[in-house]
Protein chains: 2
Amino acid sequence: MNIGTAARQSGLPPKTIRYYEDIGLLTADRAANGYRDYSNEDVHRLRFVQRSRSLGFSVEECRQLLSLYTDRDRASADVKAIATEKLGEIDRKIAELTGLRAMLGHLVENCYGDARPECPIIDGLSDLTSDH
Amino acid sequence: MNIGTAARQSGLPPKTIRYYEDIGLLTADRAANGYRDYSNEDVHRLRFVQRSRSLGFSVEECRQLLSLYTDRDRASADVKAIATEKLGEIDRKIAELTGLRAMLGHLVENCYGDARPECPIIDGLSDLTSDH
DNA sequence: ACTTGAGCTTCCAGCGGCTGGAACCCCTAT
DNA sequence: ATAGGGGTTCCAGCCGCTGGAAGCTCAAGT
């Protein structure tokens, strides 16, 4: 199967698949004409990476997960450790964004948003400690 | 005031301040010896950018906000429009992360995390549609 | 048989937002 | 005089792609 088909089936753009090969994440066979040739198993791995990426794993983490995915004898604890760590990161990001949201939301709420120059948002960005 | 002092007072690393000057976000005077020379007003602007960045505004948005900040006659509606748009982005990000958190959390919860190779996380990454 | 157009190949460059490092200059204290 | 801790420039690299150019190959239509 050519890269375009593999792309459609995995949900990854061809460019990205080539990039993954470039960085040694996933390799593919080559057909006689030099085209990359993907097996169904290759497509499974591509989908696996696509999903892992969309769940917030970095490419390096995907590399680890992929080797755990391939190693049928790995301990589930190894996988869980990576996933749990990522869960913590996601939680931290959510907390951070929630804090930002509260702060920015507060500023926006207090801004009349009319033609006048008085603007609590600008004032707030100038000095977040004071009361707006 | 030298760049190091401005850095300490604004909360931005000197490298970042030079970078901002490079991309034309904030310029500084030069002293006779060629050193950048920051006024208190410059430091205010640096802090303003630092805060805007930390609230999730892109550098380009900071450029807009900065010109609104500098323009004492601007309408607060202009500022509010940018901030409200950003608020929407933050909300979308939070929603996305919350979804990820739920999915990954579900996978992690169902994984024993022991020495056995059975692993719902790996299975889930292989095929998110099936039941784990 | 020839052309067209889609799809494949490689390689190089650039995005955003810094950050590290090299090589050099300047200022102050000892 | 010298040592250090500033400052200056410029170039390169991080991550994870993405766009584009130039050139192949293949299948379909005329």
Selected from A:S58, A:L68, A:Y35, residue furthest toward positive end of dipole (chain A; charges at beta carbon): A:Y35
Determine which residues of region A:67-99 fall in the zone a paramagnetic label at A:S58 would reach in this model, i.e. backbone nitrogen under 20 Å from the point 7 Å along Cα→Cβ. A:67-69, A:78-97
Scalar couplings 3J(HN,Hα) for region A:40-52 by Karplus 6.51 cos²θ - 1.76 cosθ + 1.60 (θ = phi - 60°), nearest whole Hz, x for Gly and Pro, are 4, 5, 4, 5, 4, 5, 4, 4, 4, 5, 4, 5, 4
Buried accessible area, chains B and A (both chains, 1.4 Å probe, Å² to nearest 100): 4300 Å²
How far apart, in nm, are two points set 7 Å out from the Cα along the Cα-to-Cβ line at A:T70 and at B:H106? 2.9 nm
Chain B - percent relative contact order, Cα under 8 Å, separation 6 or more: 15 percent
Each label point is 7 Å from the Cα along the Cα-to-Cβ direction; what then is the distance between the points at B:A77 and B:D127, in nm? 5.6 nm
Would you mind calculating the gained length between B:K15 and B:D91 on full extension (0.36 nm times residue separation, minus the Cα-Cα distance), in nm to one decimal? 24.2 nm
Could you give the nm distance between label points at A:D114 and B:I23, where each point is 7 Å from its Cα heading toward the beta carbon? 3.6 nm
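Work out the mean other chain Cβ neighbour count within 10 Å for the residues of B:53-64 and drop it here as an integer. Walk me through the numbers on the way to the answer.
Numbers: counts 0, 5, 10, 6, 2, 0, 0, 0, 0, 1, 0, 0.
What the average comes to for B:53-64 is 2.
Could you give the accessible area per residue of region A:3-74, probe 1.4 Å, as a whole number in Å²?
That works out to 54 Å² for each residue.
The values are calculated or read from the model by the stated rules, or taken from the named source; none is laboratory data. Here the structure is a predicted model, which means the values were calculated and not measured. All Cβ positions, glycine included, derive from the backbone under ideal geometry; neighbour counts span all protein chains shown. All accessible areas refer to the heavy atoms of the entire protein, side chains included, with ligands and DNA or RNA removed. Shrake-Rupley method; radii C 1.70, N 1.55, O 1.52, S 1.80 Å.
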